Amino acid sequence: MKRNMNWGLWMSLLVTVIVFTLKIPTYSKILLLGLFIAGMLYLKRSIFYYVKANRKITSENEQEWDQAWPLYRKAIKAGLQKSFVITSASMFLQRGDALEGKAILEQYLATSKGKDSNLDNIAKTMVSMAYWMDGDLQKAIRTVEEVYESGYRDKNLFINYTTYALENGDLQKAEALIDESGEMENTSPGIKDNRGWLHIVQGEWDLAEALFSSLIEKNPRFPEPYVHYAQVHIHYGEVQAAIDMLKRALKARFSNTSGMKQELIQQLLSRLETPETRLRTAKEIDADPVNVASGRVPRPLQESFASQDAETLQGFAARPKKPRVKQAVEKSEERLPNTDLTEEDLEYIRKHNLEKN
């Protein structure tokens, strides 16, 4: 992009110099320059459409978002740079017509595949979300597997791939991918949330507690961490704390690609706030962590449950006296060798007369 801007600047200067050296009337020179500028603006119109569309889609006034889609379409039709085409498609996937975003990405991959491997991999990672949203989990997995096997790595790939692995119940794959993400996990709330999701479905509630209590302090903008933390609170019977988390989830930023939908969160919240359904709902959430963590309604229980208005419910797990906070941190950081000496180590030293060495 910068190279193109420099080329355009030098070309403009060159044309200006040439025009003003021509032996023609001044008004003719101005006319020629005007025609040149008009031609340059016409050739660069895709960028202007694209920039204007971005301003609309990033507006705090959501009513302006609808004005962005015709501008993105005009930009793409006018020959928008390929990297910006992919970004435009991402906006359609997240906030607009997801089917149109999917079509744009598939069109790019059909016509441009192989010209820029990084752009190809970014486009494939994005289009996998469209397949996931369509309910074709296996196609989404195959798509990110292709990207992964090419050697390409970025945060979005790790977020998407681990999400699909968790949805597919392949916990070993999900954990291996999160571990491989390394330092990206510490800078990506999405990867970190997937680590917490993994803890929940593995029943590692103390590790999930440590992770989400830290993550929530950073006020992530997407709803999943708040719902997952609400699950942790429910596991310990802390229904009021769970209600508070669900309310915060409803204030988060939702998109087409959100794993948690507003309707589900509102349904769980309403049932927990109602005394007649509070205990039943809490029990159902705790009994079916896999579905809830994936953004689905928990399976109903057949028992009868009494009305409850307590903020903390009885009959749930007790908090461990010593949560495994340290282990939760070590999972996301580089593991170091244990250099502490045990009694066996000391005995070995004394036995082999190594104390003086």
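The values are calculated or read from the model by the stated rules, or taken from the named source; none is laboratory data. Just so we're clear, the structure is a prediction, and the values are computed from it rather than from any experiment. All Cβ positions, glycine included, derive from the backbone under ideal geometry; neighbour counts span all protein chains shown. SASA here: full protein model, heavy atoms, side chains in, ligands and nucleic acids out. Shrake-Rupley method; radii C 1.70, N 1.55, O 1.52, S 1.80 Å.
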Within the range 60-75, the residues that are within 12 Å of F48 (Cα to Cα) and aromatic (F, W, Y) are Y72
Just a yes or no: is a residue in the range 69-79 surrounded by fewer than 19 Cβ atoms within 10 Å (Cβ to Cβ), at positive phi and over 19 Å from the mean Cα position of the chain (by Cα)? yes
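Return the residue satisfying two criteria in turn: it lies in the range 80-96 and is aliphatic (A, V, I, L, M) and in a helix (DSSP H, G or I), and of such residues it is surrounded by the fewest Cβ atoms within 10 Å (Cβ to Cβ). Write out each step before concluding.
Residues of the range 80-96 aliphatic (A, V, I, L, M): 80, 85-86, 89, 91, 93.
Narrowing the set further to residues that are in a helix (DSSP H, G or I) leaves 85-86, 89, 91, 93.
Details: V85: 23, I86: 23, A89: 27, M91: 21, L93: 24.
Filtering the range 80-96 for residues that are aliphatic (A, V, I, L, M) and in a helix (DSSP H, G or I), the one surrounded by the fewest Cβ atoms within 10 Å (Cβ to Cβ) comes out as M91.
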Considering the range 97-127, residues that are open to solvent by 70 Å² or more (accessible area, probe 1.4 Å) and outside any helix (DSSP H, G or I), and then whichever is modelled with the highest pLDDT, we arrive at D97
Of everything in the range 159-210, what is within 13 Å of V232 (Cβ to Cβ) and of a type in the set (D, E, K, R)? Give them in sequence order. D193, E204, D206, E209
For the range 289-304, the count of residues that are open to solvent by less than 50 Å² (accessible area, probe 1.4 Å) and more than 35 Å from the chain's Cα centre (by Cα) equals 0
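Within the range 220-238, track down each residue that is assigned to a loop (DSSP other than H, G, I, E, B) and surrounded by fewer than 24 Cβ atoms within 10 Å (Cβ to Cβ). Explain how you work it out, then say what you get.
First, the residues of the range 220-238 that are assigned to a loop (DSSP other than H, G, I, E, B): 220-223, 236-237.
Within the range 220-238, P220, R221, F222, Y236, G237 qualify.
Tell me, yes or no, whether the range 164-184 has at least one residue that is closer than 23 Å to A318 by Cβ, open to solvent by less than 30 Å² (accessible area, probe 1.4 Å) and in a helix (DSSP H, G or I).
Of the residues in the range 164-184, the ones closer than 23 Å to A318 by Cβ are none.
No: the range 164-184 contains no residue that is closer than 23 Å to A318 by Cβ, open to solvent by less than 30 Å² (accessible area, probe 1.4 Å) and in a helix (DSSP H, G or I).
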